[in-house]
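The values are calculated or read from the model by the stated rules, or taken from the named source; none is laboratory data. Model, not experiment: these values are computed from the prediction. No Cβ is skipped: glycine too gets one built from the backbone with ideal geometry, and neighbour counts run over all protein chains shown.
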Amino acid sequence: MTPADIMGGLILGAPAFLLAYVGLWYRQRPVFWFCLALIVVGLGYLHTTGALAEVGGYVLDDAPAPSAR
């Protein structure tokens, strides 16, 4: 995993985790764990498609050059 992947995962995963924690931890704990599993699956999908690297690359100023079409 590159630093761009890790940064993209933190940018997209941390707010989702915080929202799930605030909204579900004290009320419905099993639903929180299911939501956490869905977040992990979603981040895994974004990693496989390369979207995490793109998001992290924009933050780290490592964005790819626009294609010349």
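Residue-wise test of (1) aromatic (Phe, Trp, Tyr); (2) without any contact (Cβ under 8 Å) to a residue 40 or more places away in the chain.
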{"site": "16", "(1), (2)": "no, yes"}
{"site": "21", "(1), (2)": "yes, yes"}
{"site": "29", "(1), (2)": "no, yes"}
{"site": "40", "(1), (2)": "no, yes"}
{"site": "47", "(1), (2)": "no, no"}
{"site": "53", "(1), (2)": "no, no"}
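When 42, 50 are checked against the criterion of being more than 15 Å from residue 2 (Cβ to Cβ) and surrounded by fewer than 17 Cβ atoms within 10 Å (Cβ to Cβ), a single residue qualifies: 42. In the set (1) surrounded by fewer than 16 Cβ atoms within 10 Å (Cβ to Cβ); (2) modelled with pLDDT of 95 or more, residue 25 fails one condition alone, (2).
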